[in-house]
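Here is the structure we will look at, set down as structure tokens.
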Amino acid sequence: MGLLVDGEWRDKWYDTESTGGKFERSTSKFRNWVTADGSAGPSGKSGFQSQSGRYHLYVSYACPWAHRALIFRALKDLTDHISVSVVHPDMMEDGWTFATDFEGATGDTLFGSNFLRDIYIKADPNFTGRVTVPVLWDKAQSTIVSNESAEIIRMFNSAFNEITGNTDDYWPTDLREQIADINERVYETVNNGVYKAGFATSQDAYDDAVHPLFDSLTWLESILENNRFLAGDKLTEADWRLFTTLARFDLVYHTHFKCNHKRLIDHPNLWAYTRQLYQHADIAETVHFDHIVRHYHFSQTTVNPHQIIPINPTVDFTAPHGRD
Ligand SMILES: N[C@@H](CCC(=O)N[C@@H](CS)C(=O)NCC(=O)O)C(=O)O
């Protein structure tokens, strides 16, 4: 685990000393957008037009943020148009690597690099920052379009519609305000909340994260009592953004990140809803529990110094969900 400083690799864990034991996620650095006509998106430069075969996605199957991008690639019929490389689940002193000795880890199928940092250095030889997944790479300009999953899923939602003919919309105009409100709370207290609890190095920082997390799960449980999905009847990006955290909850976050007030399966609506999303067409293939379990327990040695992988419960995501 480390980061690049002026293009040089430094092996360093997150610094929580300067923040009183709190984990603070840094912001993503590459913020361009693929658009249908190549015009600039809400941030970054123009020149990234949607074209079949032009873009490549680097992911970890373990990572909930990368998982969002894989889900949107599947939902939007982009699998034949955007190629993928999958990193090894172990993220140790070299950060994410392209080792292939784990089933599903593909290596770098574009360049044959050893490390994900090599891709960042190709895009910017003086890059300073964390080397994170997902990364959307442009083969035409040999650079990173974006390493921000929230924006990659918005691009996938619409920029390739003319190429795929798939016009399903997970960010519909009339629901955008509602989606933004849900996303904000879910991001702060659930998606990132589990990390804030798990990476906390002081009791206060842990307490400040874990209570809002379980308050939000109770809030989500009540929304799903009367609604099919978070924004009502329609399945939106808000659901998929929540799903990647819920899918990891009982296997990883409950034990490894000390989010153990309740399990996902103790929330009947949320648990049925998680199974409903898991069973949605083409989604199960994006979920790789072996990478998830291995990555967190083995790689995060400040949390689990002996790297022991727990026995874990058997969680059946294929059981009937009864929510249609
Ligand atoms: N804001 C980013 C966060 C991505 C992120 O933090 N990914 C983690 C894996 S779950 C990572 O690659 N961490 C490596 C590091 O921080 O060094 C996004 O949503 O795309």
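When the residues of segment 121-150 are filtered to those that are in a loop (DSSP other than H, G, I, E, B) and among the aliphatic types (A, V, I, L, M), which remaining residue is farthest from the chain's Cα centre (by Cα)? Among those residues, the one meeting the criterion is 140.
Scanning segment 6-18 for residues that are in contact (Cβ under 8 Å) with a residue 40 or more places away in the chain and under 24 Å from the mean Cα position of the chain (by Cα) turns up 9, 11, 13, 14, 16. Residues of segment 11-42 being within 11 Å of the ligand (Cβ to nearest atom), of a type in the set (D, E, K, R) and farther than 26 Å from residue 78 by Cβ, which ones? Listed by number, the residues that qualify are 11, 12, 25. Filter segment 230-262 down to residues that are free of Cβ contacts under 8 Å to residues at least 24 places away in the same chain and under 24 Å from residue 288 (Cβ atoms) and give me whichever is surrounded by the fewest Cβ atoms within 10 Å (Cβ to Cβ). Per the stated criteria, the residue is 260. Kindly evaluate residue 239 against the criterion of being out of contact with any Leu (no Cβ under 7 Å at 6 or more places or on another chain) and either charged (D, E, K, R) or within 24 Å of residue 296 (Cβ to Cβ) (or both). Spelling it out, it is not the case that residue 239 is out of contact with any Leu (no Cβ under 7 Å at 6 or more places or on another chain) and either charged (D, E, K, R) or within 24 Å of residue 296 (Cβ to Cβ) (or both).
Filter segment 122-142 down to residues that are over 23 Å from residue 1 (Cα atoms) and touching a residue at least 40 places away in the same chain (Cβ under 8 Å) and give me whichever is farthest from the ligand (Cβ to nearest atom). Per the criteria, the residue is 140. Pairs are defined by a Cβ separation below 6 Å, a sequence spacing of at least 6 or placement on different chains, a first member in segment 72-100 that is in the same structural domain as residue 158 (by TED's automatic domain parsing) and free of Cβ contacts under 8 Å to residues at least 24 places away in the same chain, and a second member that is surrounded by fewer than 23 Cβ atoms within 10 Å (Cβ to Cβ) and of a type in the set (Asp, Glu); the pairs so defined are 98/108.
The values are calculated or read from the model by the stated rules, or taken from the named source; none is laboratory data. Because the structure is a prediction, the values reported are computed rather than measured. Quick reminder, even Gly has a Cβ in these numbers, built from the backbone with ideal geometry, and neighbours come from all protein chains shown.
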